[in-house]
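Asks: Below are the C-alpha cells for one structure; questions will follow.
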Amino acid sequence: MAKDGSTAAADGTTAGSGDIARSLELLWGAGERPSRGPKPGLTLDRIVTAAVAVADAEGLPAVSMRRLSTELGTGTMSLYRYVPGKAELLDLMLDRVLGEPLSAEPDQPAGTQEAPGDWRVAIDAMARTYLDNLRRHPWLLKINQARTVLGPSALRGLELALSALRSMGLRDPELIGVIITVNSFVEGLARTQGDAAEAVAQTGLSDEQFWDSQRPYLERAMLSGAYPMMAGMSEDTFSADFDHFEFGLQRLIAGFEALVQERTAERTAGGTSDPTAEPTPDPTAEPTPDLTAEPTPDPTADRT
C-alpha cells in the first residue's frame, strides 16, 4: 500500500500511487538535486528522458530502476538518490509527455502563450494534438490517471485549454466537461487503434487475415435472415477508408455549438452577456410578498 493509502496496480501503472509529497517536490523543483553521492553527469532530467524512451520502445513494464541504470551507465542505487522508485518516476514521466505539445519555454506563463481565438479551432487542435501524443506514447493508455499528481506541464496544459475555451460562454464546470468529453473521445479511439496493432503483434495475423478466417461463418449468418440490419448494410460499411476520428470530432464540435447557441439565447433572454452573472432585478416590478412573515399589528385597531 502506498503512503497516501492508495493501492498501486500489480504492474505499477497507477499514477499517484507512490510518495505524493516526494513526487510533488520533484515535479515542482523542490527536490531535484541530491546532496551527495551520484556521478556529476546524472540528472533527474536524464533519468526521466531515459524512462520515457524505454517505455516508448518496449512498453511500461520494461521500465525499471535496474534497466535505467544500464541505459544511463550508472549504479542502480545512484538513481534512488534522485527518485524514490518507479511509482514516483511514473508521475514525472506523465508530466513530461503531457508537456510536449506545449510551449518550448517551460517557464513562460501559460496566460502569455498564444491560444486559438476560435474555440472550435481550439477543440480541433486539442483533439489532434492529444491523439498524436497517445500514438507517440502508447503506454499512456495503460496508466490509471484517475489520481494524477499535477505538475507544471499538466497545469499549463489545463490553463491553455481553459483560456482557449473561455469564449464559449459556458459555466466553469461545463468547460471542464468539454475537456473531459474531448479527451475521452480521443482516448477511446486511440485505445481501439492501439489494441488492434497490439493484436497483430501478438497473433501474427493481419486484420485482413483475421476477418477472412471468420468470413464463411459470417456469410452463413447473414443469409439466415436472423440479422436483417447487418445483412442489408453496404459493402463499404466497415471500410478502412472511413475516418472515424474526423467524423466523431466534427459531431462533437457540432454538439458543443448547439450548447453554446442555447446558452447565448438564455443570456440574451435574461438581458446579460455574462454567463456567470446573477439575473438583474427589475426595479419596476412589484415586490414579492413574504408569505412566511408574521402580520404586523395595527396600532389603531380596537382592542377586544
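The values are calculated or read from the model by the stated rules, or taken from the named source; none is laboratory data. The model shown is predicted, which means the values in this text are computed figures rather than measured ones. Cβ placement follows ideal geometry from the backbone for every residue including glycine, while neighbour counts extend to all protein chains displayed. Side chains included, ligands, DNA and RNA excluded: accessible areas come from the protein's heavy atoms. Shrake-Rupley method; radii C 1.70, N 1.55, O 1.52, S 1.80 Å.
Asks: Of these, Ala190, Ala146, which one is among the hydrophobic types (A, V, I, L, M, F, W, C) and out of contact with any helix residue (DSSP H, G or I) (no Cβ under 7 Å at 6 or more places or on another chain)?
Replies: Ala146
Asks: Mind listing whichever residues of region 49-65 are part of a loop (DSSP other than H, G, I, E, B) and not hydroxyl-bearing (Ser, Thr, Tyr)? Talk me through it step by step, then tell me what you get.
Replies: So in region 49-65, the residues part of a loop (DSSP other than H, G, I, E, B) come out as 59, 63-64.
Answer for region 49-65, where residues must be part of a loop (DSSP other than H, G, I, E, B) and not hydroxyl-bearing (Ser, Thr, Tyr): Gly59, Val63.
Asks: Only one of Thr272, Thr264, Thr268, Thr280 is hydroxyl-bearing (Ser, Thr, Tyr), assigned to a loop (DSSP other than H, G, I, E, B) and either under 17 Å from Leu175 (Cα atoms) or modelled with pLDDT of 55 or more (or both); which?
Replies: After ruling out the rest, the residue left standing is Thr272.
Asks: Among all residue pairs at least 6 apart or on different chains, which show Cβ distances below 9 Å where the first residue, located in region 46-68, is under 14 Å from Val97 (Cα atoms) and the second is among the polar types (S, T, N, Q) and not in a helix (DSSP H, G or I)?
Replies: Pairs that qualify, where the first residue is under 14 Å from Val97 (Cα atoms) and the partner is among the polar types (S, T, N, Q) and not in a helix (DSSP H, G or I), are Val54/Ser64; Leu60/Thr13.
Asks: Of all the residues that make up region 66-109, how many are within 18 Å of the chain's Cα centre (by Cα) and either at pLDDT 95 or above or not in a loop (DSSP other than H, G, I, E, B) (or both)?
Replies: 9
Asks: Please go through region 241-263 and give me each residue that is open to solvent by 60 Å² or more (accessible area, probe 1.4 Å) and either of a type in the set (Ser, Thr, Tyr) or touching a residue at least 12 places away in the same chain (Cβ under 8 Å) (or both), ordered by number.
Replies: The one that is open to solvent by 60 Å² or more (accessible area, probe 1.4 Å) and either of a type in the set (Ser, Thr, Tyr) or touching a residue at least 12 places away in the same chain (Cβ under 8 Å) (or both): His244.
Asks: Working only within region 149-208, note down all residues that are polar (S, T, N, Q) and not in a helix (DSSP H, G or I).
Replies: Scanning region 149-208 gives a single hit, Ser206.
Asks: Of the numbered conditions (1) under 12 Å from the mean Cα position of the chain (by Cα); (2) at pLDDT below 95; (3) surrounded by 12 or more Cβ atoms within 10 Å (Cβ to Cβ), Ala146 fails exactly one; give the number of that condition.
Replies: Result: Ala146 fails condition (3) only.
Asks: Okay, moving on. Exactly one of these conditions fails for Gly225: (1) outside any helix (DSSP H, G or I); (2) under 35 Å from the mean Cα position of the chain (by Cα). Give me its number.
Replies: (2)
Asks: Also, I was wondering about something else. Which one of these is surrounded by 10 or more Cβ atoms within 10 Å (Cβ to Cβ), closer than 30 Å to Asn144 by Cβ, in contact (Cβ under 8 Å) with a residue 12 or more places away in the chain and acidic (Asp, Glu): Glu187, Glu198?
Replies: The unique qualifying residue is Glu187.
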